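Notes to accompany the following structure.
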Amino acid sequence: MSSEPTLSSSELVRYDRHLSLPQVGREGQLKLKNSRVLLVGAGGLGSPLALYLAAAGVGTLGVVDHDRVEESNLQRQVLHGTAELGAPKVDSAARRLRDINPHVEVIAYPEALSSDNALEILKNYQIVVDGTDNFATRYLVNDACVFLGLPHVYGSVFRFEGQVSVFHAAAGGPCYRCLYPKPPLPETAPNCAEGGVLGILPGVIGTLQATEVIKLLLGVGKTLLGRLLMFDALSMTFREWGVK
C-alpha cells in the first residue's frame with residue numbers, strides 16, 4: 001500500500017479553485033498540506049495571516065502569543081470576536097482556525113517568544129512570519145531565523161503606513177538587521193497602542209505577508225526577498241526599496 005500523502009474528497013472540493021491554477025494544482029496543494037508555518041503574534045497582522053493561511057490549506061500552523069483578547073483589539077484583530085474577550089489569543093485563534101478549516105493542525109504556544117524558547121519553537125517550522133509590534137521580538141525572530149537558516153516574512157504597521165519584506169540569509173538574501181542594524185530610540189518609534197493604527201491597515205499588510213508565504217511554499221513567482229515594499233494608505237501608493 002502507498003503511504004504517499006493524498007487529498008481527501010473533502011479537500012478536493014474545498015481547494016477546487018487552487019487545483020484549477022496551473023501554478024498550484026494537486027502537487028502544489030499537497031505542498032501546502034505538508035507545510036509547517038509559525039506565526040509569531042495573533043494580533044492585527046496575525047489575524048489575516050492565520051485566516052488566509054488556514055483557508056489556503058497550510059497543514060500545520062503554529063501560533064505564538066501570550067496575550068488575552070481585549071476589547072480594544074477588536075477594531076483590527078479580526079481573528080477574534082466579542083465572545084472571546086478575556087480568552088488567551090492562541091485559544092481564540094485555534095477555535096476560529098479549526099472552524100475555518102478542520103484539515104489544518106493548529107499548535108498553540110501561550111507564551112511570549114524569548115531567548116530561552118525561540119530556537120526550540122522555531123526549529124520545527126519551515127517558514128516564520130513576524131506579526132509582532134515590538135522591536136525586541138522582531139530582532140529575536142530575525143536572529144533565530146538566521147541561526148536556523150529559515151526564511152522570515154516580515155511586516156509592520158503604524159498609523160496609515162505599513163511595510164513588508166522577506167528575509168532569508170541562508171539563501172543569500174538580507175536579514176532584518178541589514179535593514180535596521182539597531183533598534184530606534186523608544187521615543188522615536190511608538191507602538192500602535194501609543195501612536196494608533198488604521199484598523200484596516202493590518203489586513204492589507206498581513207494579506208501581503210500571507211501571499212509571500214504561499215509563494216515561498218509553492219516555489220512560484222518572485223518574492224520580496226531583497227526588497228522592502230512600503231504602503232501608504234492615505235495616498236494609496238506602494239513604493240519599493242532594495243535591501244542589500
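Values for this structure:
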quantity	calculated
Solvent-free Debye scattering, log10 I(q)/I(0), computed from the Cα coordinates of the chain at q = 0.07 Å⁻¹	-0.22
Angle between the chain longest axis and helix 135-148 axis [Cα atoms, degrees, rounded to 10]	50
Cα-only radius of gyration and Dmax that characterise the stretch 40-125, units Å	12.3, 34
Accessible-area composition of the chain, carbon plus sulfur, in percent [1.4 Å probe]	55
Note, ³J(HN,Hα) from phi for the stretch 168-179, Karplus 6.51, -1.76, 1.60, rounded to Hz, x at Gly and Pro	7, 5, 5, 9, x, x, x, 10, 4, 6, 5, 7
Highest to lowest packing among 165-175, 121-131, scored as the average C-beta count within 10 Å	121-131, 165-175
Segments 46-59, 230-243 sorted - mean Cβ within 10 Å per residue, highest first	46-59, 230-243
Residue-by-residue Karplus 3J(HN,Hα) for the stretch 236-244, coefficients 6.51, -1.76, 1.60, Hz, glycine and proline x	6, 10, 10, 10, 10, 10, x, 10, 7
Hz values of 3J(HN,Hα) by residue in the stretch 79-86 - Karplus curve (6.51, -1.76, 1.60), Gly and Pro given as x	5, 10, x, 4, 5, 9, 3, x
Under 11 Å, Cβ to Cβ, from A54 - net charge with Lys/Arg +1 and Asp/Glu -1	0
Relative frequency of Cα-Cα separations exceeding 16 Å in the stretch 41-88, percent	37
Rg to Rh quotient for the stretch 65-189, alpha carbon positions, Kirkwood Rh	0.98
Principal-axis tilt of helix 201-218 within the chain, Cα atoms, nearest 10 degrees	40
Compactness relative to 2.2 N^0.38 Å, alpha carbon Rg of the stretch 197-238	1.29
Euclidean distance of C-alpha centroids, the stretch 39-104 and the stretch 216-244, integer Å	24
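The values are calculated or read from the model by the stated rules, or taken from the named source; none is laboratory data. Everything quoted here is computed from the prediction, not taken from an experiment. Cβ atoms come from the backbone with ideal geometry, glycine included; neighbour counts cover every protein chain shown. In case anyone asks, the SASA skips ligands and DNA or RNA and just uses the protein heavy atoms, side chains included. Shrake-Rupley method; radii C 1.70, N 1.55, O 1.52, S 1.80 Å.
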